[in-house]
Amino acid sequence: METNKANYTLVLTHDVDHIALRNYPVFSDVTIDFFKRCLWSNLLRTLNGKLSLLRYLDSVKWCVAYPLVKLGLFPDPWEKSMTDMLAMEKKYEVRSTLFFIPFNNTGGRVTAGVPAKGRAVRYAVGDYKNLLRELEANGWEVGVHGIDAHISLKNAQEEIAVIKNLLPLKEKIGARMHWLFQSAELWRNLKAAGYYYDATFGNNDEVGFPEGKYLPFKKDDIWVIPLNIQEGTLLGYWNKNAPVDPWAKVEEILSEAKEKNAVVTVLWHNNSFGVYHYHEDLYEKILQKAKTDGARICRCVDICEELDAAPRL
C-alpha cells in the first residue's frame, strides 16, 4: 500500500532527555560529562577534522560561561539547542513530534525491565506546561518518552496520565520508550493505557529498516512506527559500529525509501543542536534532501492517521 503520492515520507521526532543544563548539580555525572565532551572530546574531533575550530572554541566558551548559566545570568546551552531546533523546522515549514519524559529524576542507561524511578534525567515536565501547549498550538506534536511502560500496564497508565493532565484536549497520544526499551508486553500495555501509537521499534546499534519494515504496522491493535535513523547511532557518539560516512548511509536509506515508497523516521535528540554535539548541520541536510526529493515531511500522528484513513484491501 502506498502511503501518499510523494516518493517517501519523512517523520521527524525528538526525544527530550534534557531540557536545561542548569537543572543538574554542579558535580553530577551529566555536568561533568558536559565539560569532558566540550573540552576534551571536541578537541579530539577538531584535531581529527570532524569539528571546526570555531565550534571547538564555542564549546570552550560555554564551559567558561557555566557559572553564569548556573546562576541564570547567561542563556542555557540546551534551552538554546531546543530553540534553534524549532527555529530550523519553522524555517523549512515542517513540524515534528517531541517525546517528553513524564517524571522528574528518571531515565538513564539501565537494563530493560528495571524500574527507572530515581535516575538521571532532571526536569519536571509540569514546569514546562506552557511550552508543551505552545508546541501543540503551533503545529508540533507532544508525546510521551516512556520510562517503565514496557514493565506493566500501571506504569503505562501513570505515564500517559501526566501528559493528558497537561494537555487535556489532546486525544491521540503516542509513545517512544527511553533507550528504546521493549518487551513482549509493551504494545499491549500501551494500547490498554490509551496510547494511539508507539515509535520504539528499532535499536540503538543500527540504522536502516528494522526487520525489513517499510511502513508503520499494527501490533496488539496499536500503530507501531519503525525507527530508521537515530543521530547517536549514525554518528557514533555511543555506537562504535557507526558508518564511516554518515551522509552516504543516509542517502542509501532515503534511496531505498524512494524505491519502496517507505516511511523513514528520524530521531534527533533536542540537545544535539549546538554544544556539545553540533549535529544540526546533518539534520538540516536531511531536511533539504527530503524537500528536493519531493518527500512528505510530517509528525508521527500524521502518518498513523493517514494509514487509518486508507482503504483496506
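Lysines near LYS129 by alpha-carbon distance under 30 Å, same-chain residues fewer than 8 away left out - which ones?
LYS70, LYS80, LYS90, LYS91, LYS117, LYS154, LYS164, LYS170, LYS172, LYS191
Got a sec? Charge dipole of the chain, +1 on Cβ for Lys and Arg, -1 for Asp and Glu; which of ASN204, ILE147, LEU267 is way out at the positive end?
ILE147
Once you have a ≥ b ≥ c as the square roots of the Cα gyration tensor eigenvalues for the chain, tell me rounded if a/c is under 1.5, and otherwise prolate or oblate according to whether a/b is larger than b/c.
Oblate.
If the chain between LYS291 and GLN157 were fully stretched, how many nm would it gain, using 0.36 nm times the residue separation less the Cα-Cα distance?
Separation in residues times 0.36 nm, less the Cα-Cα distance, equals 44.4 nm.
Suppose R0 equals 25 Å; then what is the FRET efficiency for ALA309 and ASN104 from their Cβ-Cβ distance, rounded to the nearest 0.05?
That gives a FRET efficiency of 0.10.
What's the ranking of 214-220, 6-12 by average number of surrounding C-beta atoms within 10 Å, highest first?
6-12, 214-220
Just tell me the longest site-free run in the chain, where the sites are GluC sites (Glu not before Pro) in a DSSP loop having at most 14 other beta-carbon atoms within 10 Å.
Between the exposed loop sites, the longest stretch runs 172-313.
For the chain, what relative contact order do you get, as a whole percent, if you take Cα pairs closer than 8 Å and at least 6 residues apart?
Computed over the chain, the figure is 27 percent.
Under 5 Å between amide H atoms, partner at least 5 residues away or on a different chain: which partners does ASP198 have, H built in plane at 1.01 Å?
Residues meeting the amide H criterion: ALA175, TRP223, VAL224, ILE225.
Express in nm, to one decimal, how much length is gained between ALA137 and MET88 on full extension, taking 0.36 nm for each residue of separation and deducting their alpha carbon distance.
Stretched fully, the ALA137-MET88 segment lengthens by 15.9 nm.
If you find the alpha carbon centre of the range 192-248 and of the range 1-74, how far apart are they in angstrom?
Answer, in whole Å: 22.
Please get the size of the charge dipole for the range 25-75, origin at its Cα centre, with Cβ charges of +1 on Lys and Arg and -1 on Asp and Glu, quoted in debye to the nearest 20.
160
How about the range 27-110: which trypsin sites (Lys or Arg not before Pro) there are in a DSSP loop, with at most 16 other Cβ atoms within 10 Å of their Cβ?
LYS50, ARG109
Among rounded, prolate and oblate, which fits the range 25-75 when a ≥ b ≥ c are the square roots of the eigenvalues of its C-alpha gyration tensor, a/c under 1.5 means rounded, and a/b larger than b/c means prolate?
Oblate, because a/c is 1.5 or more while a/b does not exceed b/c.
Bear in mind these aren't lab numbers, they're just calculated from the coordinates by the rules spelled out. Note that the structure is a prediction, hence the values are computed from the model and not measured. Cβ atoms come from the backbone with ideal geometry, glycine included; neighbour counts cover every protein chain shown.
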